[in-house]
Structures are given as structure tokens and as C-alpha cells.
Amino acid sequence: MKPVQSTYTELLDSIGSAIEVARQNAVKAVNTELVKANWEIGRHIVEYEQHGEERAEYGSNLLATLSKDLRQRYGKGFGRRNILDMRRFYLAYQKWQAVPAKLSWTHLVTLLGISDDTARKFYEKQAVLENWGYRELERQINSSLFERLALSKDKKGVLQLAEKGHIVTDSTEAIKDPYILDFLKLPQSHRVTEKALEQKIIDNLQMFLLELGKGFTFVGRQYKISLRNRHFYIDLVFYHRILKCFVLIDLKIKQVEHNDIGQMNLYLNYFKSEENVVDDNEPIGIILSAEKDEVLVEYATGGISNKIFVSKYQLYLPDKKELQQKVQAIMQKEG
């Protein structure tokens, strides 16, 4: 039986935990009430319009008048831009039950900036699934995550992305191509060594994990494996909690060659034999390169039973319009 008298430190920690939980719950409650109030304001504006009154477009007299009068009565937070966002919010979620409860008003305003309904629904689901902060949400939108994932799917797959989000169930679902490493802030023309690229990734590990996706945990860099008197070093090693497997990443600043694929195959065989424990699945290898020859990769990986993927990395944000056009072409296909 635990002694009745506890230490002062335990008392202080217990009180601190209670305060933190209460504060977190208070923040959630305030956010829910704020979102609900903004939804109600949007509803009132739309219903006012539907009774034949002025349409509340940005710059209209209605918005200007509402903004002025609400600020006089209730203070800040009712600028014309904010009022328009509330109206757009209601139009996007005309049933209160459809509003994602876990997202803040800042998240929702960010989502309202996405004109395509399918893309917006995807980011909404993914923000909840991966518990993104609003800055993480903005980063994924800017890096065209939806379009990058959608390009590897058919029409049905794209619609499933919007309905359920990106749920990783096998190794192919965990891989992106390309990976966007704009957060490293390296100019496209800048010549960088593989060692320097690795260091930049380590320095920005949180952002790199965000780009990799949900489930990745960092294990180590320059992971040493030894075969008799020969030593090899794997650039980056992760473990995927959902797939229950190691993920080995080799960085290449130039085009991938066939011997790079052979080397990765060696690493994977070693991990299967020496590092995996009873519940681990087969490891995955990703060769992350500046360039890749699709035909060479196809022939070099043919017949290999290990899961080896070659993906490009980009140091700049992709052309979003071009990607959107490609996704639209997928959606316009029959079936």
C-alpha cells in the first residue's frame, strides 16, 4: 500500500498535471466555441443574402458595414477579411456536424483557401490523422502533398484520398516521389556534398519527418554495419511504427547507378538477418537522389525480392498548377 504522506515534489507535480490538463481542456473548449460562433455568423450572413439582400462579396457595402458595426460593439477580430472567411466557412460546411472538431479556426481558414473540394477534404482528413499544427498544414499544402500522392493513383484512389486521407497499409503507400526538401533552404544551383546534405537533413529533422509522413521515427545516421573486416555506413535509418519495419535511406546528389541499388540490397539483407527481431517486417530501402533514370532503375531492381525504392528529391516547391492539371486529367478519365 502506498504511504499516505508523499513528498512535496510529488504534490507539486500532481497539481501541475491537473493544471495542464485543465488548461488544455479550456483551450479546446474556447476553440470549439469560437469556431461555432464564426459558423453561426456565416450562417446569418448567408440567410440574409437568401432573403434577397446584398451579396456579401469582398469589398461590398454589407461587409464594410458589418465589420465596422461589429468592431464598435465587440472589438477586434471582425475585420472585413474575417467576416468574409466566416461566410465562406458556412458555405463550405453548411451542416455543423460536418465541421472537423479537432481543427482550430486557423486550420479552417487555411483550408478555405483551397478552391478544389477534393483537395480540401484530403488536407482536412490528413490534418486530423497526423495532428498537424496549422504551420505544418500550410507547409503540406504549399508542397502539393495531395497532388503528389494523387498522381500515383487512379480516379477511385484520388477520391479515397479525399474521403479517408492517406492511410499507410503497405510499403508502397509510405513512399513519395518526389520528396520536397525546400525547408533545407539550399538553392537549386548550389553544389552540395552528400555529407552536407545529410547534415542539413539532420539539422531540420523535424521537417524531414513531416515530409516522410506519419509513422517514421529516427533511429540513427551513418549507421555502421560490419561484414568481417569491411565496414559500411547507411546514411539514415528510421523505423516505421505502423508498418513495423526499418527504413534505410541512402542519399545521392547525382543520378542513381545500378551499383547503388546493389549496395542497398546488401544493407536490406543484413538488416533482415542481423537487426530484425521476431515481430519486425522486412525492411524498406529508399535511395533518395537528385536524378534517376527510370529505365535503369527498372532493370536494376528487376528480380530483387527486397523492397527498394528510388525517389527524387527537389530543393524547391513544385509547380502546383501543373500538378493540379495532371490530377484533373486523372479525375476526368472514365471509370
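The values are calculated or read from the model by the stated rules, or taken from the named source; none is laboratory data. Since this is a predicted model, take the numbers as computed values, not measurements. Using ideal geometry, Cβ is built from the backbone for each residue, glycine included, and neighbour counts are taken over all protein chains shown. Accessible surface areas use protein heavy atoms only, side chains included; no ligands, DNA or RNA. Shrake-Rupley method; radii C 1.70, N 1.55, O 1.52, S 1.80 Å.
Before rounding to the nearest 500, sum -39500 (n - 2.57) across all DSSP H runs of length at least 4 in the chain and divide by the residue total; then give [θ] at 222 nm in deg cm²/dmol.
The helix-only estimate for the chain comes to -16000 deg cm²/dmol at 222 nm.
In what sequence, highest mean first, do 103-109, 275-281, 231-237, 166-172 appear when ranked by Cβ atoms within 10 angstrom?
103-109, 231-237, 166-172, 275-281
Quick one: what does P(r) look like for segment 160-279 with 10 Å bins over all Cα pairs, in whole %?
11, 39, 36, 13, 1, 0
State the answer as a single residue: which of 303, 331, 276 lies farthest towards the positive end of the charge dipole of segment 271-335, with beta carbon charges of +1 for Lys and Arg and -1 for Asp and Glu, about the Cα centre.
331
How much of the pair distance distribution for the chain lies past 36 Å, counting alpha-carbon pairs only, in percent? Walk me through the numbers before you get to the answer.
Values: 21192 of 55945 pairs.
When every Cα pair of the chain is considered, 38 percent fall beyond 36 Å.
Which three semi-axes in whole Å describe the equivalent ellipsoid of segment 239-301, each the square root of 5 times a Cα gyration tensor eigenvalue, listed largest first?
24, 12, 9
If the elastic network links every pair of Cα atoms under 10 Å, which of 271, 78, 238 fluctuates the most in the Gaussian network model of the chain?
Residue with maximal mean-square fluctuation among 271, 78, 238: 78.
Taking only the alpha-carbon positions of segment 59-208 and ignoring solvent, what does the Debye formula give for the base-10 log of I(q)/I(0) at q = 0.16 Å⁻¹?
With one equal scatterer per Cα and no solvent, log10 I(q)/I(0) is -0.98.
In whole angstrom, note down how far apart the Cα centers of segment 223-289 and segment 92-171 are.
Cα centroid of segment 223-289 versus Cα centroid of segment 92-171: 31 Å apart.
Could you order peptides 305-315, 112-122, 290-300, 20-30 by the average number of other Cβ atoms within 10 Å of their residues, highest first?
305-315, 112-122, 290-300, 20-30
Which whole-angstrom value gives the distance between the alpha carbon centres of segment 187-218 and segment 319-334?
Using only Cα atoms to place each centre, the spacing works out to 28 Å.
Please find, in a Gaussian network model of the chain (springs between Cα atoms separated by less than 10 Å), the residue of 253, 19, 175 whose mean-square fluctuation is greatest.
Judging by the Gaussian network model, the answer is 19.
So, with a 1.4 angstrom probe, what is the percent of accessible area on segment 56-137 that is carbon and sulfur?
That fraction is 46 percent.
Of 196, 171, 109, which is farthest along the charge dipole of the chain in the positive direction, counting Lys and Arg as +1 and Asp and Glu as -1 at C-beta?
109
Multiply the residue separation of residue 131 and residue 294 by 0.36 nm, subtract the distance between their alpha-carbon atoms, and state the gained length in nm to one decimal.
So the chain would gain 55.2 nm between residue 131 and residue 294.
Who wins for biggest fluctuation among 62, 159, 268 in a Gaussian network model of the chain, springs between alpha carbons below 10 Å?
Result: 62 has the largest fluctuation of those listed.
Add +1 for every Lys or Arg and -1 for every Asp or Glu among the other residues with Cβ under 10 Å from the Cβ of residue 272, and state the total.
Summing Lys/Arg as +1 and Asp/Glu as -1 gives -4.
Where does each of 158, 192, 219 land when they are ordered by accessible area, with a 1.4 Å probe and the largest first?
219, 192, 158
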